Amino acid sequence: MNADTTGHHVVVAGGGIAGLAAAHRLATAGHRVTLLEEGARLGGKLLAGEIAGAPVDLGAESLLARRPEAVALARAVGLGDRLQPPATTTASVWSRGELTPMPKGHVMGVPGDGRAVDGLLSEEGVRRIGLDRELPPTEIGDDIAIGAYVAERMGHEVVDRLVEPLLGGVYAGDAYRISMKAAVPALFEAARRHPTLTAAVHAVQQAGAAAAAADAAGAGTGLGGSVFLGVEGGVGTLPSAVADAIRAAGGEILTRTPVTALRRTGPAGWEVVAGDRVLAADAVVLATPAGPAAALLADHAPAASAELAEIAYASMALITLAFRRTDLPAPAGMDLPALPGTDLPALPGSGFLVPPVDGHTIKASTFSSQKWRWVADGAPDLFVLRTSVGRHGEEEQVHREDTDLVAASLKDLAAATGLTARPVATTVTRWTGGLPQYPVGHLARVARVREAVAALPGLRVAGAAYDGVGIPACIASAHRAADEIAAGFGDEIIATSKRTDPGAGHSS
C-alpha cells in the first residue's frame, strides 16, 4: 500500500483504458482506489493476441502521438522503450476498382486543392472542388455534419471517396451525420472564420506547420515526430502494464464484478453495489459505456441519464489473416515490393481504405507485417494483415459467421490487390457496440451531461462517449475526471497536463 494514501477511497467502474487511466492517476497520487470491471479481462477495445504464432493487436493498434496523454501513460508504466513508429505510413484508397495512393495535403480527407486528388476523383469531382472558391459563405452555426458541409462546398464525391472512408475508419459512422465540431474541431473553427472551405483547410495546414516541424525534430515523443506510434508486442499490452502500476501503488482491481447500483450516503459519500458486495466510497468515476452509465445515474441525475441513453453505438469486426510469405507471388499486373531487408514479397504500403459507396464488404485493410516491424520480426515467414467490417446501421454484417467474414475479406482483398493465396490462420474479433457515434450536437450533449453530473459531489464520468474515441482522448477524459475528484477532496490538481481537447482524439 502506498504510504502516502489520504484515506479517501475512490471506486472506478469500468476497466477499459479510461477506467485504468483514472485509477492509475488517483492511485499514484496516493488515493485508495478500487477498480471494478464487468468482464473477465481489462483493456476494453485494446487487446493483444497472436495468430499462427505471430503477435498482433486484435483491437486498437496505434496511439495518436501528437497528443501527449497516451504516450505519457505508456512511458509512466514502463513501456517507453517499446514505443515504435510505423515502418510505413503510405496508405491507399481502393476506389472504382483501383488502389490509388492516399492524397497528401488534406484535412481528414478534405483537400486544399483539387489537383491533390486528381486521379482519385473524376474530372467532374475535381472541377467541383474548385467551385468552393466561388460559393458564398455557408452558415455553420453551433455545429454541422461534416459530410453535409463538405458536400455543399466541394461536392459529394469528396465526401464519398475521401472523407467517408477516413471517418468511417475512426467512428464506423456516417460522415453525413458526424459532427464536424466533435470529429474535426480545428477545421470546424477555421471554417467559421474563413469564407471558403479551401481557405479553412489552408488555415489548418498552416497552423499545424509549426507543430509538424516540432514533431519532425522529435519534440514531445523523441521518436522522430511520428503522428502515430505503436507498442512493440501490441498496444493491447498497455492495459496490463497500467494495471500492474495501479496494483504497485496499492490499488485493487476486480474483474467479473459489474457495478449494478449506486447509493448516496450523506452529502458526499457513495455506496457501490457490485454483485453481492457493497463498497463504501468517497468518490466514484464511471468509466463505462454510455448505456451502463445512464442506468447507474437514473436515480441520481435523471437528466444526464436521459442524455447518455441517447448515445448510439456502432459495432465492428476485425478479421486477422496470416499468409505464408512464399505464397504471395506478385499477381499479374502488380509489382509487389519486397519486405525491407529480404527478398520476400510484401503488399504495398500500410494498407488501404474502402469508400462504402462502392458497395464492398470491408471498409479497410491494414498490412500489419508491413506497418509494424515488431509483427514482421515476430513472424518473418508470415505476412499478417487485417480487414475491418461494420458501420453504424450494419449490425448484420458484424454478426455473420466467421467463415463468411473471412470469405468476404478474401474476396475483397483479391479484387483490391490481386492476392489469391489462402491464409494459414484466421481470427475474427467482434467489437459489439464498441464505437460511440458523434452526431451533430454531440459536444453540447456532453456539456449537459457533465453539468448535471457536477451537481453530484464525488462523482464524475469518463470514456469514449465524451470527448473523442481515440486512446489519448479517452485517457484525457479520465485524467479530467480524476483531477476533479481530487479537487473535491481539497487536493491540488494532480497534474498540469493539457486538459481534454473536445473531439481532438478522433484517431486511435
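See the values below:
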read-out	value
Segment Val357-His399, length gained on full extension (0.36 nm per residue, minus Cα span)	13.0 nm
Relative contact order (%) - criterion: Cα under 8 Å, at least six apart; region: segment 40-193	14
Cα gyration tensor shape of segment 110-188, rounded if a/c is under 1.5, else prolate or oblate by comparing a/b with b/c	oblate
Protection proxy ranking of 312-319, 405-412 - average other beta-carbon atoms within 10 Å, highest first	312-319, 405-412
Calculated FRET efficiency for the pair Ala407/Arg264, C-beta based, R₀ 30 Å, to 0.05	0.05
Two-site label geometry, Arg247 and Ala454: point separation in nm, points 7 Å out along Cα→Cβ	3.8
Rel. contact order, % - alpha carbon contacts under 8 angstrom, at least six apart, the chain	24
R0 of 60 Å, Cβ-Cβ distance Lys104-Val278: FRET efficiency to nearest 0.05	0.55
In sequence order, calculated HN-Hα J values of segment 354-362 (Karplus, 6.51, -1.76, 1.60; Hz; x Gly/Pro)	10, x, x, 4, 7, x, 7, 6, 6
For segment 228-278: relative contact order, % (alpha-carbon pairs under 8 angstrom, 6 or more apart)	21
Fraction of antiparallel bridges per DSSP, the chain only, in percent to nearest 5	70
Sites Glu124 and Arg41, calculated FRET efficiency, Cβ-Cβ separation with R0 35 Å, nearest 0.05	0.10
Anisotropy class of segment 405-480 from Cα gyration tensor, a/c 1.5 cut	prolate
Rough spin-label spacing in nm, given labels placed 7 Å along Cα→Cβ, for Thr432 and Asp142	3.6
MRE, 222 nm, helices only [DSSP H, n ≥ 4, -39500 (n - 2.57), over the chain, to nearest 500]	-9500 deg cm²/dmol
Of all DSSP beta bridges in segment 1-142, antiparallel share, percent nearest 5	60
Nearby lysines by direct alpha-carbon distance to Lys363 (threshold 27 angstrom, same-chain neighbours under 8 apart not counted)	Lys45, Lys104, Lys181, Lys371, Lys411
Nonlocal amide H pairs with Gly468, under 5 Å, H built at 1.01 Å	Gly503
Rg to Rh, two decimals, where the chain supplies the alpha carbon set and Rh follows Kirkwood	0.97
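Read the figures in this text as sums done on the coordinates, not as results from a lab. Please read these numbers as outputs of a predicted model, since none were measured by experiment. We place every Cβ from the backbone using ideal geometry, glycine too, and count neighbours over all the protein chains shown.
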